[in-house]
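The next block holds one structure in the form of structure tokens; read it before the comments.
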Amino acid sequence: MNNQTLKDAYTGYIDCLNRQDWAALGDFVGEDVQYNGERVGLAGYRQMLERDFRAIPDLRFVIDLLISEPPHIAARLTFDCTPVGELFDVPVNGKRVQFTENVFYTFAAGRIVNVESVIDKAAVAAQVLKT
């Protein structure tokens, strides 16, 4: 994949997530995908995302920064949302929060095969717990 093709594949993936088009997820994510060092497979990855959308009904992935160096993508994603219940072990309970995720992807054969994610969980706690 060249640089532009890789970026196009990634933005297509983000669009797929935002549409919650789970039937198309396999077009972007490999069958044996790993997430933070653990093989979760496509089915496990989909289940994780579906859980995220249940916990955060207004979840929307917004690309703030995108760097492409085939076969890798590095992205900073921003979130402005209203989770229900707990988020990252913090009782958010419907409070609007903003946070970021720095995530690194490896692609093979046009699909994501590895994801390394670091979410700014402290930002969520700071917003919810401030008085």
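Each reported figure results from applying straightforward, stated rules to the coordinates on display, with no laboratory input. None of these values were measured; they are calculated from a predicted model. Here the Cβ positions follow ideal geometry from the backbone for every residue, glycine too, while neighbour counts run over all protein chains shown.
Within straight-line reach of LYS121, meaning a Cα separation under 17 Å, sit the following lysines at least 8 residues removed in sequence or on another chain: LYS95, LYS130.
Of the trypsin sites (Lys or Arg not before Pro) found in segment 42-131, those in coil by DSSP whose Cβ has at most 16 other Cβ atoms within 10 Å are ARG60, LYS95, ARG96, LYS130.
Adding -39500 (n - 2.57) for every DSSP H run of four residues or longer, then dividing by how many residues the chain holds, sets the calculated 222 nm ellipticity at -10000 deg cm²/dmol.
Both radii were evaluated on the Cα set of segment 3-129; the Rg over Rh quotient, with Rh as the Kirkwood radius, amounts to 0.96. Taken as Cα centroids, segment 12-41 and segment 105-128 sit 12 Å apart, rounded to the nearest whole angstrom.
Averaging the sequence gap over all C-alpha pairs within less than 8 Å and six or more residues apart, then dividing by the number of residues, gives segment 2-131 a relative contact order of 23 percent.
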